[in-house]
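Below is one structure, written out as structure tokens; the observations come after it.
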Amino acid sequence: MSRPADPDVLVVGGGIAGLGLAAYLRRQGVRPTVVEQAPDWRGSGYGIGLWSGGLSVLDDLGVLDAARQRGADPDGFEIRAAGGDRLARTDLPADRTLLLAVHRADLHAALREAVPEPWIRMDTTPTRIEPTAGGVDVEFDDGTTGAFDVVVGADGVHSTVRDACFDDWTRRARDTYVWSLWAEQDVDVGRDMVSVWGPGSEGFVARVGDRVGLNLAARLDHPPEPPARAELRRQADRVGWRLPALLEGTDDDPFFDRVREVSCECWHTDRVVLVGDAAHAIHPISGMGASLALRDARALAGELATARPGRVGPALARYETRRRDEVTRVKRQAAFEAAVTFLESAPLRRLRNGIVRHTPLLELFVKRELADS
Ligand SMILES: Cc1cc2nc3c(=O)[nH]c(=O)nc-3n(C[C@H](O)[C@H](O)[C@H](O)COP(=O)(O)OP(=O)(O)OC[C@H]3O[C@@H](n4cnc5c(N)ncnc54)[C@H](O)[C@@H]3O)c2cc1C
């Protein structure tokens, strides 16, 4: 039951950040309105490696087990060179989940367990968002209207809320494209999560039960026509290892998209605020976008809980202050990882591979994750 002083919250977008936020608000006794443009939850998606920052939020929300049942805890994390030569491997802890391999749709399904279905209005999107002296007036594409104290843009890379209410932002399309296939396979890929570094490309492979997930990202000079299967095959052949065999095993159309990054000077106004990819989409190579989205949700809900009736602005500002530093650090790290991973020059790749093979970089990364968790 919402109390009279609780804010009326509209969450635009029922993705990872939107559902995370709705679940936290529910725990605080606030019932938000969530609108989602998709008519249903069927849709293609991609494999996600969710690290400890995001897993701790799932734990907090009581859906970690639901996510784990749908995903897999890899035994280790390994990096291979094109062709499959192993450059580095590190064990992941056996007694707890530090990294979960899961399909985005399954992560989403786990989060849905924490949000009552009637709270989500499917097939609905705002057509007008108008901040007023006392709140925000919103019109929806089904002809309905609503008045809210705060509107949250959790609507991803192509955010409508960001378009409507914020000026100082950029969405940068990279020269990198990503495919994802997730199918029943008996190809032996082991029980580790594997990153295979091709020339200007990366294959990311994990087994989850009967299925194997493959994400393949590659830098390309010209955008291919979706779903670009011929280009996918060419890239898989260049990366090698088990990738060509994994492609043999499925006729499904892959998920295919261009990598885009979002930078926003400011994520809030007095009554409108952005979370997740809408505020700061980062290169997927980082494997951190979903964790950031979930941690944004936790921080924003926490600040809204302390907001004074009718005055949400300071809470939105505090949310942004709490989240900026981590997002900036992860973005910087993602840019570095992308530069190192998508190298095309053969001598530079040899040099990089030698460094990764002969130094404990991967162990140090996993140790840091363990310390953070
Ligand atoms: C190929 C790929 C691999 C990735 N791998 C990883 C990984 O390994 N680890 C990791 O942590 N992250 C990964 N990410 C990033 C991660 O998926 C995103 O950062 C995360 O999903 C962001 O969550 P979000 O809720 O902000 O956006 P989304 O999950 O995109 O959700 C946005 C929601 O808003 C809805 N929506 C959009 N517009 C509107 C509108 N106008 N009205 C109503 N609803 C709307 C959409 O339908 C969607 O449901 C990957 C991304 C890609 C593309």
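If we scan the stretch 317-329, do we find a residue that is modelled with pLDDT of 95 or more and small (Gly, Ala, Ser)?
yes
From Leu111, Leu92, Leu98, grab the single residue that is at negative phi, modelled with pLDDT under 95 and out of contact with any strand residue (DSSP E or B) (no Cβ under 6 Å at 6 or more places or on another chain). Working first, answer last.
Numbers: Leu111 fails: modelled with pLDDT under 95; Leu92 fails: out of contact with any strand residue (DSSP E or B) (no Cβ under 6 Å at 6 or more places or on another chain).
Of Leu111, Leu92, Leu98, the one residue that is at negative phi, modelled with pLDDT under 95 and out of contact with any strand residue (DSSP E or B) (no Cβ under 6 Å at 6 or more places or on another chain) is Leu98.
Among the residues of the stretch 150-166, is there at least one that is of a type outside the set (Val, Ile, Thr), in contact with an Asp or Glu (Cβ under 9 Å, 6 or more places away or on another chain), more than 9 Å from the ligand (Cβ to nearest atom) and within 20 Å of Gly71 (Cβ to Cβ)?
No, there is no match, as no residue in the stretch 150-166 is of a type outside the set (Val, Ile, Thr), in contact with an Asp or Glu (Cβ under 9 Å, 6 or more places away or on another chain), more than 9 Å from the ligand (Cβ to nearest atom) and within 20 Å of Gly71 (Cβ to Cβ).
Which residues, counting only those in the stretch 162-183, are touching a residue at least 24 places away in the same chain (Cβ under 8 Å), out of contact with any helix residue (DSSP H, G or I) (no Cβ under 6 Å at 6 or more places or on another chain), farther than 17 Å from Tyr46 by Cβ and among the charged types (D, E, K, R)?
Asp168, Arg171, Arg172, Asp175
Here is a check on your reading of the model: is Ser201 among the hydroxyl-bearing types (Ser, Thr, Tyr) and not assigned by TED's automatic domain parsing to the domain that holds Leu25?
Details: among the hydroxyl-bearing types (Ser, Thr, Tyr): yes; not assigned by TED's automatic domain parsing to the domain that holds Leu25: yes.
So Ser201 passes the test.
Being out of contact with any helix residue (DSSP H, G or I) (no Cβ under 7 Å at 6 or more places or on another chain), closer than 21 Å to Ala154 by Cα and surrounded by fewer than 20 Cβ atoms within 10 Å (Cβ to Cβ) narrows it down to one residue among Glu265, Glu344, Glu261, Glu320; which is it? If you could, list the steps in order and put the result at the bottom.
Details: Glu344 fails: closer than 21 Å to Ala154 by Cα; Glu261 fails: surrounded by fewer than 20 Cβ atoms within 10 Å (Cβ to Cβ); Glu320 fails: surrounded by fewer than 20 Cβ atoms within 10 Å (Cβ to Cβ).
When all the criteria are applied, what remains is Glu265.
Which count do you get for residues in the stretch 102-146 that are near the ligand (Cβ under 9 Å from one of its atoms) and in a helix (DSSP H, G or I)?
Qualifying residue count, the stretch 102-146: 3.
What are the pairs with Cβ atoms under 9 angstrom where one residue, in the stretch 278-296, is under 15 Å from Tyr46 (Cβ atoms) and more than 7 Å from the ligand (Cβ to nearest atom) and the other, located anywhere, is among the aromatic types (Phe, Trp, Tyr) and at pLDDT 95 or above? Sequence gap at least six, or different chains.
Ile285/Phe204; Ile285/Phe342
The values are calculated or read from the model by the stated rules, or taken from the named source; none is laboratory data. Values in this document were obtained by computation on a predicted structure and should not be read as measured data. FYI the Cβ positions are ideal-geometry reconstructions off the backbone, even for glycines, and counts take in every protein chain you see.
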